[in-house]
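A.B. asks: My questions will all concern the structure given below.
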Amino acid sequence: MSQSFQNKPWFNYPKYNWQTKHAVIIGGGIAGCQMAWHLCQSDWQVTLIERHDELASEASGNPIGVILPKMTSQQSLGEDFYTQCFNYTLSLLETLEKKGKKIDWQRCGALQLTHNAREEKRWQALAARDFSDDFLQLLDKDKTSQIAGINLPYKSSYFPQAGWIKPASFCRALSDHPNCKVMTESEALSLKKIDKDWQILNKDKKIIAQAEAIVICNGRDLFNFEQSNFLPNMPVAGQTTLALASDKSKKLKTVIGHEGYLTPAVDGQHIFGATFEREQNNPKLNPEADKQNQQQLAHYLPDFSATLAKFNSAHTAVRMTTPDRFPYAGALPDKDFYQKNYADLHQGKQYKDYPNAQYHAGLFMLGGLGSRGLTTSGLCAKSLCHLLENRTPSKLLHYCHPARFLIKALKRKIL
């Protein structure tokens, strides 16, 4: 990754001197569970708060998701980010299984089909680059069909290490640690600072947890707190659909990607979708969304789609993302301090002796993971854990810094 964020005072982090290594994590989806795991590995005591009666109940509640990188035609910061996250997540899954954790997943491979002119252009560009076969293979139509186990009229980009996963099983494995206390049916609605501790309050203003370190990981509600509500965000609702597998459809061996995704048969069913609705923050299961998913599948894979039966809604949720598609991972900035001390950045005073940034002491966040949180959450959580542990912040944390849009706004004098 580029070094352009390095040594900027508004992105510098302080050193932490924790009185106790106890953190409260708000949100029991994949982001919160990843944070719990990584902090527990560093001997932190963790309280994981989830407002529903089970972990992985909202964006992480999809019956089956996909572990898959995201490629661009030419090497880019985004591609490097997703590749590093993908490789780390695979390594983490192996680590968890070696520790005896049961996770419902399969490294079945994934085929990204060249289903339109844009994908054809990307396929050609990727084919001209040098990748190891165990990461990416550029396949012709015959080889694509051979790998898939069904006849496909497309070339493809094949990721042999990719696969499907049941997110709930991933979350259970990550939170299953003697240092982790899980509190379900506990809704965190506001935060109050008392001395060095943060108190977490419910709707009745009662304290449900308290700690010096808080990590906000609650997906679509990440921006509902007074300390985080200024951060740009883009809610996108998505619904997946399931269908009963047929004898023919059961021949599919891999995950398929086109404009959406399709899993091989798992427990006798295929999951596919998902819809994409911007600025929708409270979705409900909708038969029209299932029709969209069916129409999309029938458009790109008509022969396969025709073999399926008994279509039903699978899951709907909000996938919160950011304007630049990088997550938020870091300490929550003190907006007033930024506005006061960096107000003249629009004048181009890049080399002025600015003070180091100030933050809401002990308050951190991990979110805005979008539709690939299963792939990206692990490395982001590891990097954030290193920050709390006073290890040298990774380059990833510079690009996921929660203040990056605030600084851009100050430079453009739009704040």
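A.B. asks: Report yes if some residue within segment 372-395 is free of Cβ contacts under 8 Å to residues at least 60 places away in the same chain, part of a helix (DSSP H, G or I), surrounded by fewer than 19 Cβ atoms within 10 Å (Cβ to Cβ) and of a type in the set (D, E, K, R); otherwise report no.
C.D. replies: Checked against the condition, which is being free of Cβ contacts under 8 Å to residues at least 60 places away in the same chain, part of a helix (DSSP H, G or I), surrounded by fewer than 19 Cβ atoms within 10 Å (Cβ to Cβ) and of a type in the set (D, E, K, R), segment 372-395 yields no hits at all.
Per-residue answers, yes or no, for (1) under 15 Å from PHE272 (Cα atoms); (2) without any contact (Cβ under 8 Å) to a residue 40 or more places away in the chain; (3) touching a Leu at 6+ places or on another chain (Cβ under 9 Å):
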site	(1), (2), (3)
LEU285	yes, no, no
GLU288	yes, yes, no
ALA298	yes, yes, no
HIS315	yes, no, yes
THR321	no, no, yes
PRO327	no, no, yes
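A.B. asks: Moving on to the next point. Can you name every residue in segment 162-191 that is touching a Leu at 6+ places or on another chain (Cβ under 7 Å), over 16 Å from ILE25 (Cβ atoms) and surrounded by fewer than 17 Cβ atoms within 10 Å (Cβ to Cβ)?
C.D. replies: Matches in segment 162-191: SER190 only.
A.B. asks: So which residues in segment 205-226 are within 22 Å of ALA317 (Cβ to Cβ), in contact with a strand residue (DSSP E or B) (Cβ under 6 Å, 6 or more places away or on another chain) and not in a loop (DSSP other than H, G, I, E, B)? Write out each step before concluding.
C.D. replies: Step one: filter segment 205-226 for residues within 22 Å of ALA317 (Cβ to Cβ), giving 215-225.
Applying the additional criterion that residues be in contact with a strand residue (DSSP E or B) (Cβ under 6 Å, 6 or more places away or on another chain) yields 215-220, 222, 225.
Within segment 205-226, VAL215, ILE216, GLY219, ARG220 qualify.
A.B. asks: While we're on this one: LEU222: within 26 Å of LYS155 (Cβ to Cβ) and surrounded by 22 or more Cβ atoms within 10 Å (Cβ to Cβ), yes or no?
C.D. replies: So LEU222 fails the test.
A.B. asks: Still on this structure: Out of segment 336-369, which residues are free of Cβ contacts under 8 Å to residues at least 40 places away in the same chain and either in a helix (DSSP H, G or I) or on the phi > 0 side of the Ramachandran plot (or both)?
C.D. replies: ASP336, PHE337, LYS340, ASN341, ASP344, GLN347, GLY348
A.B. asks: Consider only pairs whose beta carbons are under 7 Å apart and that are at least six residues apart or on different chains; among these, list those whose first residue lies in segment 25-46 and is at positive phi and whose second residue is part of a helix (DSSP H, G or I).
C.D. replies: Sorted first by the residue in segment 25-46, then by its partner, the pairs are GLY27/GLY219.
A.B. asks: Restricting to segment 182-202, name every residue that is of a type in the set (Ser, Thr, Tyr) and closer than 17 Å to MET365 by Cα. If you could, list the steps in order and put the result at the bottom.
C.D. replies: Keep residues of segment 182-202 that are of a type in the set (Ser, Thr, Tyr), which gives 184, 186, 190.
The one that is of a type in the set (Ser, Thr, Tyr) and closer than 17 Å to MET365 by Cα: SER190.
A.B. asks: Next question. Of the conditions (1) acidic (Asp, Glu); (2) buried (at least 16 other Cβ atoms within 10 Å of the Cβ); (3) touching a helix residue (DSSP H, G or I) at 6+ places or on another chain (Cβ under 8 Å), GLU54 satisfies every one except a single condition; which number is it?
C.D. replies: Single failed check for GLU54: (2).
A.B. asks: Determine which single condition SER186 fails, assuming it passes every other condition in (1) farther than 30 Å from ASP130 by Cβ; (2) in contact with an Asp or Glu (Cβ under 6 Å, 6 or more places away or on another chain).
C.D. replies: Only one criterion is unmet by SER186, namely (2).
A.B. asks: Out of (1) modelled with pLDDT under 95; (2) part of a strand (DSSP E or B), what's the single condition that is false for ASN312?
C.D. replies: (1)
A.B. asks: Another question, then. Only one of these conditions is not met by GLN280: (1) in a loop (DSSP other than H, G, I, E, B); (2) in contact (Cβ under 8 Å) with a residue 60 or more places away in the chain. Which number is it?
C.D. replies: Just one mismatch for GLN280, condition (2).
A.B. asks: With the requirement that a residue be of a type in the set (A, V, I, L, M, F, W, C), under 30 Å from LEU410 (Cβ atoms) and outside any loop (DSSP other than H, G, I, E, B), what does segment 230-274 give you?
C.D. replies: Answer for segment 230-274, where residues must be of a type in the set (A, V, I, L, M, F, W, C), under 30 Å from LEU410 (Cβ atoms) and outside any loop (DSSP other than H, G, I, E, B): MET234, VAL236.
A.B. asks: Criterion first (basic (Lys, Arg), assigned to a loop (DSSP other than H, G, I, E, B) and closer than 26 Å to HIS258 by Cβ) does ARG129 satisfy it?
C.D. replies: Values: basic (Lys, Arg): yes; assigned to a loop (DSSP other than H, G, I, E, B): yes; closer than 26 Å to HIS258 by Cβ: yes.
So ARG129 fits the description; yes.
A.B. asks: Go over the candidates LEU332, LEU363, LEU397, LEU369 one by one and state the one that is assigned by TED's automatic domain parsing to the domain that holds LEU222 and either under 13 Å from the mean Cα position of the chain (by Cα) or of a type in the set (S, T, N, Q) (or both).
C.D. replies: LEU369 is the lone residue from the list that is assigned by TED's automatic domain parsing to the domain that holds LEU222 and either under 13 Å from the mean Cα position of the chain (by Cα) or of a type in the set (S, T, N, Q) (or both).
A.B. asks: Filter segment 327-344 for residues that are hydrophobic (A, V, I, L, M, F, W, C), at pLDDT 95 or above and surrounded by fewer than 18 Cβ atoms within 10 Å (Cβ to Cβ) and give the result.
C.D. replies: Residue satisfying the conditions is PHE337 alone.
A.B. asks: In segment 242-271, how many residues are buried (at least 24 other Cβ atoms within 10 Å of the Cβ) and touching a Gly at 6+ places or on another chain (Cβ under 6 Å)?
C.D. replies: The qualifying residues number 1.
A.B. asks: Separate question: Examine segment 192-205 for a residue that is more than 19 Å from the chain's Cα centre (by Cα), among the aliphatic types (A, V, I, L, M), over 17 Å from ALA59 (Cα atoms) and buried (at least 16 other Cβ atoms within 10 Å of the Cβ), and state whether such a residue exists.
C.D. replies: yes
A.B. asks: Another question, then. Go through segment 139-153 residue by residue and tally those that are in contact with a helix residue (DSSP H, G or I) (Cβ under 6 Å, 6 or more places away or on another chain) and buried (at least 18 other Cβ atoms within 10 Å of the Cβ).
C.D. replies: 2
A.B. asks: Quick one: which strands (runs of 3 or more DSSP E) lie wholly within segment 135-204 and hold at least 1 residues that are over 20 Å from TYR88 (Cβ atoms), modelled with pLDDT of 95 or more and not small (Gly, Ala, Ser)?
C.D. replies: 137-139, 156-159, 180-183, 190-194, 197-201
A.B. asks: Also, I was wondering about something else. Among the residues in segment 318-334, are any over 30 Å from ARG412 (Cα atoms), out of contact with any Ser or Thr (no Cβ under 9 Å at 6 or more places or on another chain) and assigned to a helix (DSSP H, G or I)?
C.D. replies: For segment 318-334, residues over 30 Å from ARG412 (Cα atoms), out of contact with any Ser or Thr (no Cβ under 9 Å at 6 or more places or on another chain) and assigned to a helix (DSSP H, G or I): absent.
The values are calculated or read from the model by the stated rules, or taken from the named source; none is laboratory data. It should be emphasised that the depicted structure is a prediction, and the values quoted were computed from it without experimental measurement. Reconstructed Cβ throughout: ideal geometry from the backbone, glycine too, with neighbour counts over all protein chains shown.
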